[in-house]
Every structure is written in structure tokens, then in C-alpha cells.
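To start, the structure under review is shown below, and the notes come after it.
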Amino acid sequence: MNDLMTLGQRLRHFRNAAGLTLDALGERVGVAGSQLSLMENGRREPRVTLLSALAETLDVTVADLLDDTPPTPRAALEIELDRAQRSAHYAALGLPMVRASRSMPDDVLESLVGLHRALIERQRQAIATPEEARRANTAQRLHMRTLDNHLPEIEELAERMVAETGHLSGALTHREVGLMATRLGFELVYVNDLPHSARSVTDLENGRIYLPPASIPGGHGLRSMALQAIAHRLLEHRVPATYAEFLRQRLEINYFAAACLMPREQSVAFLTQAKADRNIAVEDFRDAFGVTHEAAALRFTNLATTYLDLSLHFLRVGDDGAVYKAYENDGLRLPVDVTGSTEGQLVCRKWSARVAMTRTNRTTEYYQYTDTPEGTFWESTQTGTTSANDEFSITVGVPFADAKWFRGRETSNREHSTCPDPVCCKHPPSDLAQRWRGKAWTSAKLHAHILSPLPSGTFPGVDDQELYAFLDEHAGDGES
């Protein structure tokens, strides 16, 4: 119906330009004027033979009639109003449709279209809630599970882009990332005044990617942020309309960056040899490509099932035991809430992800076998600290049968977990509970992010006012 509206508007435009009435045009092509009126109002589709006759009579081509561009600004508004009133969200209001007649003033039409735009924007914002984000994130995690966390199209794109820089082996250098940006027509610029809500800003007009100078000394961060910005352009991303789309874009740019920093061919060769040696270790993979432990662990999940025939799980857990990121395709039962989301849920105190944080010496990976209701899993955990001094752990694990391929399989560390049974670690032992019930009081710590996990009614993103002010300030800095 939307294409018919544009066709009808173009038919009316060319008929008026030819100085013909509906009846006069109808007489020339052999149809009633009332039938042409239905076509011009987008209510009827003309036959191909009639379309050809109309084009010939109006001295235009069939392509001119079928062009999907509204013939005038007024026609564009009329088409937009018609589409808006046929949408499900407007139908749900139970209001009558308003026809944009020729007598309707332009300012009235503009006001009606503006109101519909505002309604659509408010509806979009209404779904931008933490719950919606969690549901979208859960759906994405489950979808990636069906793909074994592997995206071959992005693998191939990253492999091609890295090859074009001349990179052969080892860690991808800052110079090579810069060459990749140059090939796309961009330069990397380091500034102190990025908008507070932005990791990077891409100036499409002047071909610049702005990055924070704090990352200049080197390491994984700067290269990753630049590659993510490049990925947005390569993957032709548009402004997301839903949380699901926003999260998909984030996943894709992160995947692309990881696939560049740890190229598929070299990574698979490295890991295949490690498996042959029965010496797979995330820390070796990390050091071989100069990335963070978390980046190496996540990249391992992209490749392990497809290329090494290994099922596995990954966890990033905070010092309070809450899940920040998780993936599994090996049968481990992740803690989830009623929506199916695992983020924010507490993992068992007996899992390696939490036991590792109780150690005094945390400089090396911690290995552990964990018996669960779903079977026994071998896990390797590395702990770390964020810039805000919050502790976290990164865990990669596999079923017992696959432990033979990993360094640390000889560990004697073993725990028994019966979670989600609350008796396992959520309820205190009965003797302790009886001894201390009513005799102790704890002042609980409040996590501020719990009160406002996401801005109310908005998508996470850059503050437009800050963004445009930033771009305007730097637009003339060709020497940056």
C-alpha cells in the first residue's frame, strides 16, 4: 500500500502537469475517472497495460511513474500521514483517519505529520526500559548459542581487512589499524574533550575518527575502539530503532574488532597446535596477540566449537558474585531470572568464578573441577580489577571429558555444587542460622546502579547536544 501511495501521488502530479482532469485522462486511456481517482489515492493498483497507456498519454516513462520518490514536498507529507495512520500503533488509539484533501492547508498537514512523528518517538522511548534491554540481551545470547557464537561473514570481512594492511602474524599494530582507517577514508584523531557518553566519535563529513588520548600509550583498548568505529562503517549500521538492534550492532562491532586483533587463520592455527599439545591456555592465547584476558576468552568462544570441536562456557563475574557476561553451549545451567536473563544473577559460591576471588595469590590462572547437577566441568579462572578498583573474574570452562586438552587439567581443586538448590549456598547451614538468628545486624551495601541501570525512556547513546557541539568545535581542526 505504501508503494501505491507514491505511485498515486506521481500519477496525480503528472496529470496536473499535463492539465488533464480525471475524466479527461480516463477517456484517453479507456477507464472511468473514478477508477483513476482510486489509483491516485493509493487504493487500487493499475494493470501493466494501463500503466503503459498512462505513461504514454502523460508523455512520461513507466519508470517515471514507478519512481519511489514523492513528486513534491507536499506529496511527501501526504504519503507520510497516510502511512502513519495505517500503522498498528495509531489503530490502537481508536481514532478516525484524517484524509489529506487538496483543501487542507500545508501548515495543518505539517502539524498532523509532526504529531504522528512525536507519537512514534514516544512509543519508541516507552519500550526503552531496562526490562526490554534485558529481554533483548537474552534473546541475542540464545540466538548466538544456536550459532556456536560464530559469525562467519564478519570473520571473512575482518580477515580481508587485516590482509589488506599487510599484517602477517602476531599482534595487530596501531599502525596497521591506522592503515585500515585510511583505506576507508578516515584518519584517527586523539582529543581530550570527547562527549562523556562516547567511546569514540566518527565525523563522516570530514573523515575523522576521534579517540581519547588516554589510550595512546598502547594496548588493546585503543585498537579495539578504533576497530569498532571502523566496523560501524563497514557493516553499514544505521541509528538503531530498538534495543535489540542496538545490542546486535554492539555485538557485531565487538566481534569484528576481536576478529581483527586475533585473526581467524592465525588464531585457529595457534589453538589447533595447543590442542594437539594438550596445552590449551587462555593466557597463552592472550599473550600471543597482545590483548586482554577477557578479549582472548571471548574470542576463544567464537572459535572453539567451530574449529576445535569443543563445547564450552564463559563467565565474567563481579566480586559480589553477579554475572556481567555469560555464554554457554556445553550444558552448564546458568543462573537466570524469570525473563531468562542471566546478567545480574548470582553464580554459585562454589563455582570457580567465585572461589578464585578468595585466593591470596591471584597472579596466575586458577583451575578447578566443579560437580553440578548437569555434570562435572573443568574451569580456568583469571581475576582482575577495573579502573574503579572493582574486582572481577573471567572464567572459561568445558565438560570433564574435554579437560584433557587444557593446561591445568591435573588440578586437585574440586567443589560440589547443587545450585539452583538454595541449600547449596544461598541459605546458611542450619546450625549457624540457629546460633545467630536475631543476634546480628548487617548494614547492607547499596549498589547505586541498581536504582538507575539505564536512563529512563532512552536508548544508551551519545548526548546529541554534546556530540554536535564537539563536532562543530573540531570541524576546522584539519591539523588535529
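The single residue among Ala241, Ala257, Ala269 that is among the small types (Gly, Ala, Ser), under 20 Å from Leu298 (Cβ atoms) and surrounded by fewer than 22 Cβ atoms within 10 Å (Cβ to Cβ) turns out to be Ala269. Just to be sure I understand the filter: pairs with C-beta atoms under 8 Å, separated by 6 or more residues or on different chains, first member in region 30-57 and in contact (Cβ under 8 Å) with a residue 24 or more places away in the chain, second member outside any helix (DSSP H, G or I) and open to solvent by 40 Å² or more (accessible area, probe 1.4 Å). Which pairs pass? Hits for this filter: Met39/Glu45; Gly42/Met1; Ala53/Gly30; Thr57/Ala18.
When region 93-111 is limited to residues that are small (Gly, Ala, Ser) and over 38 Å from the mean Cα position of the chain (by Cα), the one that is surrounded by the fewest Cβ atoms within 10 Å (Cβ to Cβ) turns out to be Ser103. The lone criterion from (1) closer than 18 Å to Phe14 by Cα; (2) open to solvent by less than 60 Å² (accessible area, probe 1.4 Å); (3) modelled with pLDDT of 90 or more left unmet by Gly42 is number (3). Among residues that are out of contact with any helix residue (DSSP H, G or I) (no Cβ under 6 Å at 6 or more places or on another chain), free of Cβ contacts under 8 Å to residues at least 24 places away in the same chain and of a type in the set (Gly, Ala, Ser), Ala401 is included. With respect to (1) under 17 Å from Ser224 (Cβ atoms); (2) open to solvent by less than 10 Å² (accessible area, probe 1.4 Å), the lone exception for His293 is condition (2). The set of residues in region 394-412 that are open to solvent by less than 60 Å² (accessible area, probe 1.4 Å) and in a loop (DSSP other than H, G, I, E, B) comprises Gly408, Thr411. Taking the criterion of being touching a residue at least 12 places away in the same chain (Cβ under 8 Å) and not hydrophobic (A, V, I, L, M, F, W, C), the residues of region 239-257 that qualify are Pro240, Thr242, Tyr243, Arg248, Gln249, Glu252, Asn254, Tyr255. Taking the conditions (1) in contact (Cβ under 8 Å) with a residue 60 or more places away in the chain; (2) touching an Asp or Glu at 6+ places or on another chain (Cβ under 9 Å); (3) farther than 30 Å from Gly476 by Cβ in turn, Gly166 satisfies each one other than (1). Would you mind telling me which numbered condition in (1) within 21 Å of Arg102 (Cβ to Cβ); (2) open to solvent by 60 Å² or more (accessible area, probe 1.4 Å); (3) out of contact with any Asp or Glu (no Cβ under 9 Å at 6 or more places or on another chain); (4) not β-branched (Val, Ile, Thr) Pro73 fails? Single failed check for Pro73: (3). Within region 145-171, track down each residue that is in contact with a helix residue (DSSP H, G or I) (Cβ under 6 Å, 6 or more places away or on another chain), over 16 Å from Ile209 (Cβ atoms) and of a type in the set (A, V, I, L, M). Those that are in contact with a helix residue (DSSP H, G or I) (Cβ under 6 Å, 6 or more places away or on another chain), over 16 Å from Ile209 (Cβ atoms) and of a type in the set (A, V, I, L, M): Leu151, Ile154, Ala158, Val162, Ala171. Only one entry of Ala84, Ala53, Ala63 meets the criterion of being open to solvent by less than 50 Å² (accessible area, probe 1.4 Å) and modelled with pLDDT of 90 or more, and that entry is Ala53. Hey, any hits in region 297-315 for a residue that's of a type outside the set (Ser, Thr, Tyr) and farther than 20 Å from Gly397 by Cα? The answer is no; no qualifying residue exists. Taking region 307-357 as the range and being modelled with pLDDT of 95 or more, open to solvent by less than 30 Å² (accessible area, probe 1.4 Å) and among the hydroxyl-bearing types (Ser, Thr, Tyr) as the test, the residues that pass are Tyr327, Ser352.
Of the residues in region 315-328, at least one is touching a helix residue (DSSP H, G or I) at 6+ places or on another chain (Cβ under 6 Å), assigned to a loop (DSSP other than H, G, I, E, B) and without any contact (Cβ under 8 Å) to a residue 60 or more places away in the chain.
Scanning region 60-111 for residues that are of a type in the set (A, V, I, L, M, F, W, C), without any contact (Cβ under 8 Å) to a residue 40 or more places away in the chain, closer than 23 Å to Leu38 by Cβ and assigned to a helix (DSSP H, G or I) turns up Val62, Ala63, Ala76, Leu77, Leu81, Ala84, Ala91, Leu109.
In the set Ala353, Ala269, only one residue is assigned to a helix (DSSP H, G or I) and free of Cβ contacts under 8 Å to residues at least 24 places away in the same chain; that residue is Ala269. Selection over region 358-384 of residues that are surrounded by 17 or more Cβ atoms within 10 Å (Cβ to Cβ), touching an Asp or Glu at 6+ places or on another chain (Cβ under 9 Å) and assigned to a strand (DSSP E or B) gives a count of 11.
Of the residues contained in region 43-62, one or more are found to be in contact with a Lys or Arg (Cβ under 7 Å, 6 or more places away or on another chain) and not polar (S, T, N, Q).
The values are calculated or read from the model by the stated rules, or taken from the named source; none is laboratory data. Everything numeric here is computed off the predicted structure, so don't read it as measured data. Quick reminder, even Gly has a Cβ in these numbers, built from the backbone with ideal geometry, and neighbours come from all protein chains shown. When the accessible area is computed, the model is the full protein with side chains, heavy atoms only, and any ligands, DNA or RNA have been set aside. Shrake-Rupley method; radii C 1.70, N 1.55, O 1.52, S 1.80 Å.
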